[in-house]
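The values are calculated or read from the model by the stated rules, or taken from the named source; none is laboratory data. Small disclaimer: the values here were computed from a predicted structure and weren't measured. Here the Cβ is made from the backbone with ideal geometry for all residues, glycine too, and neighbour counts use every protein chain on show.
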Amino acid sequence: MAEAAIELKGISKSFGSVRANRDIDLKIAPGTIHGIIGENGAGKSTLMSILYGFYQADSGEIFVNGERAVIHASSDAIARGIGMVHQHFMLVHNFTVLENVILGAEGEPLLKTSIAKARSELERLERDYGLEVDPDAVIEDLPVGLQQRVEILKALFRGADILILDEPTGVLTPAEAEHLFRILRQLKDEGKTIVLITHKLREIMAVTDNVSVMRQGALVATRKTAETTVEELAELMVGRRVLLRVEKGDAHPGDFILSVKNLTVEDMRGVKMVDDVSLDVRTGEIVGIAGVAGNGQTELLETITGMRKAVSGTVTLDGAPVELTGEADPTDLRRRGMAHVPEDRHNMGLVLPFEENENAILGYHWQDKYVNGPFLDIEAIRRDAQGKIEKYDIRPTDARLKTANFSGGNQQKIVLAREMEQDPKVLIVGQPTRGVDVGAIEFIHKRLIDMRDQGKAVLLVSVELDEIRSLSDRILVMFAGRIVGERGPDATEGELGLLMAGVEEKEAAE
Amino acid sequence: MDLFSTLVLLLDSTVRLSVPLLFAALAGLYSERSGVFDIGLEGKMLAGAFAAGAAAAVSGSAWVGLMAAVLVSSFMALVHGFASITHRGNQIVSGVAINFIAAGSTIILGQAWFSQGGRTPLVGSDGRFGAIHLPFADALRGVPVVGPLYSQLLSGHSLLVYLAFLLVPFTWWVLFRTRFGLRLRAVGENPAAVDTAGISVQWLRYRAVICTGVLTGLAGTYLALAQNAGFVKDMTAGRGFIALAALIFAKWRPVPVMFACLLFGFLDALSIRIQGTPLPLIGRVPVQFMQALPYILTVVLLAGFIGRAIPPRAGGVPYVKER
């Protein structure tokens, strides 16, 4: 076997008392796609940041193409032919593609000549790898899929032979992700080595040659992808057996409790984001709304929960209308039995600098059980939070810890615990498992099914098609602000995928 | 005096009055484009003016004064940089501190060294940047229209005036046509992008801050050694803040910065011109109103007429490496 493109020996890194990487040995063969999988916080990104010079390892050695490499800064990694596509793109939003590509690799003090050179080099790269993008387009005008392409071009422009991609599909539609994988395979055929960091098992199975699993800072196993299974990898990641698809019995839907009629919502520019949408949710069923992000699901959720102004239409909750001026009183909606797990837990679901117990009652803090005259009953609140921590297996188990110090999955559980424990009639859930680990996903899915079985109505919006398919009793597909189709839980991925892509109902049926 | 020559005089003083604003606003442009907000322009300008006045008074040379001003205000810019780049301090607090230090120390040092109540001794003509007469200025004076425009408006300014206006295209060129400019703009928008591209964010921002120091030094020199013949306490009189308003008004772009400074300079010139003279219909305009006009104008125009001024995205935020 040829020299390893990258070899890590005994890499350790601690942040304070947290050991992010412990004694990691890893060999990546040249010309392969090597996956690194693990839950959030398993240390994948830290390891790659060490390789890219963003952090220094406390101990251990790095070898690139057989040579010992000392990587103190990103520039050292770039000089060794390592390129990285970060999870959050490292692009300047108001620069053109060309300007972003040459930034830091201009070569000459004056831009005129370096831009001209870069333009022809970029054309060559675009041709060779099928990475078309308009070099004069401004980044903020490009869809995320193309922005990511610019990141790849940036790395290739710098002569990268080893390309690290950190959670590249988090922001992509299924079709864009598929396109990305085609590009990665092509890069591999050209002899590039690719390291793919992800927490999505299906991506590992779809595109990698080898896979290494990380758990709690340690590298627990490396397998040939062809010789392993999704179940084995999931078990290695979590450290116990996990159910990838929750078991559920039949739904026993009851009366209509939430109904949306002819709802139309416009954004600030007057563009229709929700276009004449009607839907009903019954008690005891989960209605899933599938769709590629940005097709009006966010606006629909915000309007139903009274946060956004509707142009026309009505929303009825348990027989009484919901105010659609965008000024609805959230406390009033909560009293009437509507609970809401917002899509964006950081900006809407939680106040991150607050203690866990404070977030665990936020929005319900007026209830008698939490107050003592004009004051909050701190004791009761903490007891209550501790109860939720146990019931929802939130870790760490300290109710006085700052919420920002919990991992994404545990933060999401804090929000879910708060909303579900209020015994609502209707639960509106947006992206319940975005950025959440496999183990926690299983738990959250089970809880949502429990809610249904207790006779609650659940309206679920998710861009994860697997999630929609595994949880929903009825699936509605949204495209360009409209509901373009309804399917049962047995709908195939391909069928839903076509609807999500805006292929007309008739054509999809054919 | 006819209307035309009044107008020429008014424009002439507009040019003179807008020069310190222009130096200071361009100074702020370098710093703020790199993501370091600087409300300490006023203080640096004042310290520069004092250094220029003091050094010129002692040495008798305007050039020594200029050197001193640039050194002192660059040093103060580096202090701001040390606090806000290296130590990731609050940029507003650091800027305010610079203003206070400059306001206090110039008076104390001035009194201690020269004992003239905080001023520096008047300098002779060698200690000042005198007027430069462009060729044929006198010969053309008699020509109608063109003559006065050339000989009064264009000719007869100090070297620093021409330098200030030449700095406008130069700054544009640096910002949009050089590698340094590309990186400078990038670091003000997304320092992480610059860092991952293998460029030092800190070093880049320090260089921007030094540019600011040099230019505020020139602004101070102009006040002390071209507009006046020595330093007078508090002689910047808020020009650093007006320059900041001009910078925001111009949305951090060099050429609009020049026009904004000219506009504010014009208002200043106008207020001096009409001081005490009652205007038809309006009557006597209080001088305070005229002085407040640049600020009022900035607020009103930004509020509705020219759209939102979007500052460099990373402005005011210290860069911390993290993921």
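Please tell me if A:Ser120 is in a helix (DSSP H, G or I) and either facing chain B (nearest Cβ under 10 Å) or within 23 Å of the chain's Cα centre (by Cα) (or both). Taking the combined requirement at face value, the residue does not satisfy it.
Could you list, in sequence order, all residues of region A:164-186 that are among the charged types (D, E, K, R) and farther than 12 Å from A:Val207 by Cα? Walk me through how you get there before you give the answer.
Initially, region A:164-186 is screened for residues among the charged types (D, E, K, R), giving A:166-167, A:176, A:178, A:182, A:185.
Correct list: A:Asp166, A:Glu167, A:Glu176.
Scanning region B:184-193 for residues that are at the interface with another protein chain (Cβ under 7 Å from one of its Cβ atoms) and part of a helix (DSSP H, G or I) yields B:Ala186, B:Glu189, B:Ala192, B:Ala193. Candidates in region A:62-91 are the residues that are among the small types (Gly, Ala, Ser) and crowded, with 22+ Cβ neighbours inside 10 Å; of these, the one that is farthest from the other protein chains (Cβ to nearest Cβ) is A:Gly83.
This table checks each residue for (1) over 22 Å from A:Leu187 (Cα atoms); (2) assigned to a helix (DSSP H, G or I); (3) not assigned by TED's automatic domain parsing to the domain that holds A:Leu146.
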| site | (1), (2), (3) |
| --- | --- |
| A:His34 | no, no, no |
| A:Ala42 | yes, no, no |
| A:Ile50 | yes, yes, no |
| A:Gln56 | yes, no, no |
| A:Asp76 | yes, yes, no |
| A:Val101 | no, yes, no |
| A:Glu106 | yes, no, no |
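The set of residues in region B:117-153 being out of contact with any helix residue (DSSP H, G or I) (no Cβ under 6 Å at 6 or more places or on another chain), buried (at least 16 other Cβ atoms within 10 Å of the Cβ) and closer than 23 Å to B:Leu225 by Cα consists of B:Arg119 alone.
Say we look at region A:356-377 and pick out the residues that are touching a Leu at 6+ places or on another chain (Cβ under 7 Å) and in a helix (DSSP H, G or I); which of these is surrounded by the fewest Cβ atoms within 10 Å (Cβ to Cβ)? Reasoning before the result, please.
Residues of region A:356-377 touching a Leu at 6+ places or on another chain (Cβ under 7 Å): A:356, A:359, A:365, A:370.
Now narrow it down to the ones that are in a helix (DSSP H, G or I): A:356, A:359, A:370.
Working: A:Glu356: 26, A:Asn359: 25, A:Tyr370: 15.
My answer is A:Tyr370.
Does A:Ser114 qualify as being assigned to a helix (DSSP H, G or I), away from chain B (no Cβ under 14 Å) and not acidic (Asp, Glu)? Against the criterion (assigned to a helix (DSSP H, G or I), away from chain B (no Cβ under 14 Å) and not acidic (Asp, Glu)), A:Ser114 does not qualify.
Would you point out which residue out of A:Arg334, A:Arg383 is in the same structural domain as A:Ala417 (by TED's automatic domain parsing) and either at pLDDT 90 or above or surrounded by 13 or more Cβ atoms within 10 Å (Cβ to Cβ) (or both)?
Working: A:Arg383 fails: in the same structural domain as A:Ala417 (by TED's automatic domain parsing).
None of the others qualify; the one that does is A:Arg334.
A:Ile164 falls short of the stated requirement of being buried (at least 17 other Cβ atoms within 10 Å of the Cβ), without any contact (Cβ under 8 Å) to a residue 60 or more places away in the chain and within 12 Å of chain B (Cβ to nearest Cβ).
Name the residue that is nearest to the chain's Cα centre (by Cα), counting only residues in region A:405-440 that are of a type in the set (A, V, I, L, M) and either within 19 Å of A:Gly387 (Cα to Cα) or assigned to a helix (DSSP H, G or I) (or both).
In the first step, residues of region A:405-440 are kept if they are of a type in the set (A, V, I, L, M); the result is A:414-417, A:420, A:426-429, A:436, A:438, A:440.
Of the ones still in play, those that are also either within 19 Å of A:Gly387 (Cα to Cα) or assigned to a helix (DSSP H, G or I) (or both) are A:414-417, A:420, A:438, A:440.
Working: A:Ile414: 18, A:Val415: 17, A:Leu416: 17, A:Ala417: 20, A:Met420: 22, A:Val438: 12, A:Ala440: 14 Å.
Looking at the filtered set, the residue picked out is A:Val438.
Name the residue, out of A:Asp344, A:Asp318, that is assigned by TED's automatic domain parsing to the domain that holds A:Ile428 and within 23 Å of the chain's Cα centre (by Cα).
On the way: A:Asp318 fails: within 23 Å of the chain's Cα centre (by Cα).
Within the list A:Asp344, A:Asp318, the selection yields A:Asp344.
Screening B:Leu247, B:Leu204, B:Leu267 for residues that are under 23 Å from B:Leu293 (Cα atoms) and either surrounded by fewer than 22 Cβ atoms within 10 Å (Cβ to Cβ) or within 14 Å of chain A (Cβ to nearest Cβ) (or both) leaves exactly one candidate, B:Leu267. All conditions but one from (1) within 13 Å of chain A (Cβ to nearest Cβ); (2) touching a His at 6+ places or on another chain (Cβ under 9 Å); (3) more than 16 Å from B:Pro312 (Cβ to Cβ) apply to B:Gly213; the one that does not is (1). Within region A:386-430, the set of residues being farther than 23 Å from A:Ile441 by Cβ and assigned by TED's automatic domain parsing to the domain that holds A:Ala293 comprises A:Asp423, A:Lys425. Checking each residue in region B:196-240 for being within 30 Å of A:Ser49 (Cβ to Cβ) and free of Cβ contacts under 8 Å to residues at least 24 places away in the same chain picks out B:Thr196, B:Ala197, B:Gly198, B:Ile199, B:Ser200, B:Trp203.
Scanning region A:369-403 for residues being touching a residue at least 24 places away in the same chain (Cβ under 8 Å) and on the phi > 0 side of the Ramachandran plot gives a total of 1.
One residue alone among B:Ala103, B:Ala83 is without any contact (Cβ under 8 Å) to a residue 60 or more places away in the chain, surrounded by fewer than 24 Cβ atoms within 10 Å (Cβ to Cβ) and not β-branched (Val, Ile, Thr), and that residue is B:Ala83. Residues that are within 11 Å of A:Val292 (Cα to Cα) and not in a loop (DSSP other than H, G, I, E, B) within region A:468-495 comprise A:Val477, A:Met478, A:Phe479, listed in sequence order. Please verify whether region B:87-95 includes one or more residues that are farther than 28 Å from B:Leu166 by Cβ, β-branched (Val, Ile, Thr) and surrounded by fewer than 24 Cβ atoms within 10 Å (Cβ to Cβ). Within region B:87-95, one or more residues are farther than 28 Å from B:Leu166 by Cβ, β-branched (Val, Ile, Thr) and surrounded by fewer than 24 Cβ atoms within 10 Å (Cβ to Cβ). Is at least one residue of region A:42-61 of a type in the set (Val, Ile, Thr), under 30 Å from B:Ala314 (Cβ atoms) and within 11 Å of another protein chain (Cβ to nearest Cβ)? Yes: one or more hits.
Within region B:131-182, restricting attention to residues that are assigned to a helix (DSSP H, G or I) and in contact with a strand residue (DSSP E or B) (Cβ under 8 Å, 6 or more places away or on another chain), which residue is farthest from the other protein chains (Cβ to nearest Cβ)? First the steps, then the outcome.
As a first pass, look at region B:131-182 and keep what is assigned to a helix (DSSP H, G or I): B:137-140, B:146-154, B:159-177, B:179-182.
Those left that are additionally in contact with a strand residue (DSSP E or B) (Cβ under 8 Å, 6 or more places away or on another chain): B:159, B:162, B:177, B:179.
Numbers: B:Leu159: 27, B:Tyr162: 25, B:Arg177: 6, B:Arg179: 4 Å.
Among them, the one singled out is B:Leu159.
Across region A:338-355, the number of residues qualifying as in contact with an Asp or Glu (Cβ under 8 Å, 6 or more places away or on another chain) and surrounded by fewer than 18 Cβ atoms within 10 Å (Cβ to Cβ) comes to 1.
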